[in-house]
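Taking it in order: structure first as structure tokens, then the write-up.
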Amino acid sequence: MCGIVGYIGQKEAFPIIIEGLKRLEYRGYDSAGVALFDGNNLNVCKTKGKVADLEEKVNKSIPTHGNIGIGHTRWATHGVPNDVNAHPHYSNSGDLVIIHNGIIENYESLRKELTARGYEFTSDTDTEVLVNLIEDVKLKENLKLGKAVQVALNQVIGAYAIAVFDKNKPDEIVIARLGSPLAVGVGDNEFFIASDASPFIEYTKNAIYLEDEEMAIIRANKDIKIRKIKDDSLVDPYVQELQMNLEQIEKGGFDHFMLKEIYEQPSAIRDTYRGRLLVKEGIVKMAGINDNIERFLNADRIIVVACGTSWHAGLVAEYIFEDIARIPVEVEYASEFRYRNPVITNKDVVIAISQSGETADTLAAIKLAKSHGAFVFGVCNVVGSSIARETHAGAYTHAGPEIGVASTKAFTTQITVLTLIALKLAKIKGEISLPEFRHHLQELELIPEKVQKALESEDHIKMIANKYKDVRNCLYLGRGYNFPVALEGALKLKEISYIHAEGYPAAEMKHGPIALIDENMPVVVIATKKGHYEKIVSNIEEIKARQGKIIAVVTEGDTNVQRLADYVIEVPETLECLSPLLTTIPLQLLSYHIAVLLDKNVDQPRNLAKSVTVE
Ligand code: M6R
């Protein structure tokens, strides 16, 4: 969702801010803007469209000189995407300027009160209300900016990450967060502000992550003072050393981040199991599980909460936890779970899965589960993210930054972590024999090279993509462990090519979707050798009998399905429970190539955001 960048120090602010905004483009946005202070004047420029459009407009319309500035990419919530609603927003006096990520829920009542007091609004945004509330408090009570921000935020209901600047106090920026991430890069006599560390990674490896309900006053050449917004207590800044490097957030010769991330999967999966999967010793080592083993062993059930692709990874986990570890699992959309008054007890273990670690619904589901005494375990990719901090314990996926909005390596590395957990619990519970356990570990260790092999089908898949790029609809079918893969394949196609696609358990086809099948309907069927093979071959026969076009993902060397399908894509053989790690690869490549052939914006599909920090 919205992205925030700011700079205060000795360097020219504009290049840092504009490049930083480009790094945050992956979050999803529809307009952008900057405010730069040139020593005398505060210059603001904003536009609907891309950061490149903003750069062009800034260069034509305002001075770019100055050592202090803030920049923003906006994903519209209140008000359509246009130049006026884009951030930054001024206060009525023109003294204060703000950028904001999040939603102020009580903005309408605040707006009414401010209007009654003579304030005027030019945009439809909640953000313009907030900056005027800050100004109103500041003027009424004759407060400094930091204090005024604090008082105003205590009147606000909602979520925010903000950066505010006062042109009459041009040596400081005030920032605050509640529910939306905010990081501060600490350089030599300079500070960088951003929604994540990617905009400042080449300048400093030292970062402070603001916690919820904290604010900070950042002064050029001086220091950063962090306070609790509610009780005004001072907080010691905790400076972390970042592990991320520049290479990880660049395309590295690939046309798109999505393709780079698809190809990173062999190494990402290896990074996920490194130090955890000890094949020789026959051990799965995971501190987060060991330290809380009683909670897992005494659990009545595991509830998985997640959204989107992470929810699909949760469905795969349901199969493996029940099949191998014999633990009952329920998989919940976090957005439904949080609002449907679910039965949760202190005998439940909740696993929250999230790439970004910032998804608002997942975060709320975690808070709800905790309030009922459940033990909450996080599976996140982004280190130090809100979900990673909000959970009792967890395991990182270590996939490295995922920039493409369509999740790829996040999915396979989430499945890898969840598989490790299931195997570990199965062994401790005695649900798996030692030889079987070792066999599973050996097979899991081989997955990266098998993913590499699966990637070799790219040219063949590109040819298939060319055949089907103009279809309006597409069905994806799978059974057992590969049913969630069918859902994930359909989601990938929908989100980046805008082709309508549905995933179904193959046997459900007869209960409705079969009516859609005719000679114009491509059906992608996951038909690997292990796991209901004969049954899925029957489903393929049924599609063929109705002239449907069949694209089958099969186990290497399968000739049976080849006879029936229009196209087959082979993946190496593995254990049934590990097959999603391989069968998902061709589906990622298929959706990628269809979207490229249709000339869609693969990395930043319309309307979508990488991390969904609002409901
Ligand atoms: O960061 P999270 O894993 O919590 O994100 C959840 C979904 O928003 C995400 O998986 C989304 O569905 C992706 N665009 C799918 O490719």
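Restricting Val524, Val553 to residues that are under 27 Å from Tyr263 (Cβ atoms), open to solvent by less than 10 Å² (accessible area, probe 1.4 Å) and touching a Pro at 6+ places or on another chain (Cβ under 8 Å) narrows the list to Val553.
Kindly evaluate Ile526 against the criterion of being over 17 Å from Lys462 (Cα atoms), part of a strand (DSSP E or B) and away from the ligand (no atom under 16 Å from the Cβ).
yes
Looking only at residues in region 325-358 that are within 16 Å of the ligand (Cβ to nearest atom) and in a loop (DSSP other than H, G, I, E, B), which one is farthest from Ala395 (Cα to Cα)? Residue satisfying both the conditions and the ranking: Arg338.
Look at (1) within 22 Å of Ser385 (Cα to Cα); (2) in contact with an Asp or Glu (Cβ under 6 Å, 6 or more places away or on another chain); (3) basic (Lys, Arg) and you find that Lys347 fails only one, number (1). Annotation: of all residues in region 270-324 being touching a strand residue (DSSP E or B) at 6+ places or on another chain (Cβ under 9 Å), part of a helix (DSSP H, G or I) and among the acidic types (Asp, Glu), the one that is farthest from the ligand (Cβ to nearest atom) is Glu322.
I want to confirm something. Restricting to region 368-403 and keeping residues that are assigned to a helix (DSSP H, G or I) and free of Cβ contacts under 8 Å to residues at least 24 places away in the same chain, which single residue is farthest from the ligand (Cβ to nearest atom)? Within region 368-403, the match that is farthest from the ligand (Cβ to nearest atom) is Ser371. When Asp171, Asp232, Asp188 are checked against the criterion of being at positive phi and either charged (D, E, K, R) or touching a helix residue (DSSP H, G or I) at 6+ places or on another chain (Cβ under 6 Å) (or both), a single residue qualifies: Asp232. Residues in region 557-615 that are over 30 Å from Phe437 (Cα atoms), away from the ligand (no atom under 16 Å from the Cβ) and among the charged types (D, E, K, R): Arg563, Asp566, Asp599.
Whenever a residue of region 336-359 is among the acidic types (Asp, Glu), its partners that are near the ligand (Cβ under 7 Å from one of its atoms), lying with C-beta atoms within less than 9 angstrom and at least six residues away or across chains, give the pairs Glu358/Ser611; Glu358/Val612. In the set (1) at positive phi; (2) surrounded by fewer than 19 Cβ atoms within 10 Å (Cβ to Cβ), Lys510 fails one condition alone, (1). Against the numbered list (1) under 28 Å from Glu281 (Cβ atoms); (2) modelled with pLDDT under 95, Lys453 comes up short only at (2). Residues in region 529-544 that are open to solvent by 70 Å² or more (accessible area, probe 1.4 Å) and in a helix (DSSP H, G or I): Glu534, Lys535, Glu541, Lys544.
The values are calculated or read from the model by the stated rules, or taken from the named source; none is laboratory data. None of these values were measured; they are calculated from a predicted model. No Cβ is skipped: glycine too gets one built from the backbone with ideal geometry, and neighbour counts run over all protein chains shown. For the accessible areas, the whole protein counts, side chains as well, though only heavy atoms, and no ligand, DNA or RNA atoms are used. Shrake-Rupley method; radii C 1.70, N 1.55, O 1.52, S 1.80 Å.
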